[in-house]
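Presented below is the structure to which this report refers.
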Amino acid sequence: MTFGEQPAYLRVAGDLRKKIVDGSLPPHTRLPSQARIREEYGVSDTVALEARKVLMAEGLVEGRSGSGTYVRERPVPRRVARSGYRPAGGATPFRQEQSDASVRGTWESSSEQTGAGVVIAERLAIQAGDRVMRTKYLFRENGEPMMLSTSWEPLAVTGRTPVMLPEEGPLGGMGVVERMRAIDVIVDNVTEEVGARPGLAEELHLLGGVPGHVVVVVQRTYFASGRPVETADVVIPADRYRVSYHLPVK
């Protein structure tokens, strides 16, 4: 194979992908069988199988038990808007994660005390094993799962205070900034790092994704006078949402 020449399975996958994108193979259409691909493209069974695997890994097709492989409905990506803006009167966890005022959503959550792992301890500038409050969220938009978030707060900051549990107490259900302010911890900076990776099985189960789908991960940390007081991983299905940032100019 000369430099720049694609392997046969990628050429076959590319042609089938083009047919899916241009509508020649519309959603819910059965993908040509392995035998049909072999005959139409003049390739081996191995090449035909690998081409189908590529399309499945890309989320363009899905297997249906006992029926075959079908073209998936392609969702129109919606926007997850993020910014430094916090509305007067506080920000609920959903408003904290999705700053688009036109979006109405709900969330489920659960909190538990645990020891910080090495990675989280580094992000919070504490020792591995130090106690943290871990809170897991599942956000829904119009009833559809749209986003996961897991946050960690050092109990050295919030322990034995009215805001120790993010979803309980007088400020339960409010954002990090408001809760921290109530215990005289003034948040003055927030950082976010955005990356992508294959979704974990448990994440895709909750988000309604297909194994192998890619998720966008926003790693967020709140600081007060240089000290990390909360860090979180926000997980968003990449095939259904785009992360949009609105950064104010001062």
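The values are calculated or read from the model by the stated rules, or taken from the named source; none is laboratory data. Not measured: the values here are computed from a predicted model. Don't worry about glycine lacking a Cβ; one is built from the backbone with ideal geometry, like all the others, and counts go over all protein chains shown. Side chains are part of the model used for accessible areas, which takes the heavy atoms of the whole protein and leaves out ligands, DNA and RNA. Shrake-Rupley method; radii C 1.70, N 1.55, O 1.52, S 1.80 Å.
Can you list the strands (runs of 3 or more DSSP E) found entirely within the stretch 199-250 that contain at least 1 residues being in contact with a helix residue (DSSP H, G or I) (Cβ under 7 Å, 6 or more places away or on another chain)?
Correct list: 214-224, 227-237.
Pairs only if they're at least six apart or on different chains, beta carbon under 8 angstrom, first in the stretch 18-33 and touching a residue at least 24 places away in the same chain (Cβ under 8 Å) and closer than 7 Å to V71 by Cα, second open to solvent by 80 Å² or more (accessible area, probe 1.4 Å) and not aromatic (F, W, Y); list them, first residue then second.
These pairs meet every condition: P27/E73; P27/R74; H28/E73.
Of the conditions (1) open to solvent by 60 Å² or more (accessible area, probe 1.4 Å); (2) within 21 Å of N142 (Cβ to Cβ), V215 clears all except one; give me its number.
The failed condition is (1).
List, please: which pairs have Cβ atoms under 7 Å, are six or more places apart or on different chains, and start with a residue in the stretch 124-138 that is outside the structural domain of P162 (by the TED database) and among the hydroxyl-bearing types (S, T, Y) and end with one that is exposed (fewer than 14 other Cβ atoms within 10 Å of the Cβ) and assigned to a strand (DSSP E or B)?
Correct list of pairs: empty, since none qualify.
Of all residues in the stretch 172-189, which are surrounded by 19 or more Cβ atoms within 10 Å (Cβ to Cβ) and in a loop (DSSP other than H, G, I, E, B)?
M174, G175, V185, V187 - these are the residues of the stretch 172-189 that are surrounded by 19 or more Cβ atoms within 10 Å (Cβ to Cβ) and in a loop (DSSP other than H, G, I, E, B).
Just wondering, is there one or more residues in the stretch 191-199 that are touching a Pro at 6+ places or on another chain (Cβ under 9 Å) and outside the structural domain of K53 (by the TED database)?
The answer is yes, given that some residue of the stretch 191-199 is touching a Pro at 6+ places or on another chain (Cβ under 9 Å) and outside the structural domain of K53 (by the TED database).
Among the residues of the stretch 55-70 satisfying the criterion of being within 20 Å of G23 (Cβ to Cβ) and under 23 Å from the mean Cα position of the chain (by Cα), which is surrounded by the most Cβ atoms within 10 Å (Cβ to Cβ)?
V61
Looking at (1) in contact with a strand residue (DSSP E or B) (Cβ under 6 Å, 6 or more places away or on another chain); (2) among the basic types (K, R); (3) over 18 Å from A81 (Cα atoms), can you tell me which one R197 breaks?
(1)
Can you name every residue in the stretch 142-164 that is surrounded by fewer than 19 Cβ atoms within 10 Å (Cβ to Cβ), on the phi < 0 side of the Ramachandran plot and either of a type outside the set (V, I, T) or free of Cβ contacts under 8 Å to residues at least 40 places away in the same chain (or both)?
E144, P145, L155, A156, G159, T161, P162, M164 - these are the residues of the stretch 142-164 that are surrounded by fewer than 19 Cβ atoms within 10 Å (Cβ to Cβ), on the phi < 0 side of the Ramachandran plot and either of a type outside the set (V, I, T) or free of Cβ contacts under 8 Å to residues at least 40 places away in the same chain (or both).
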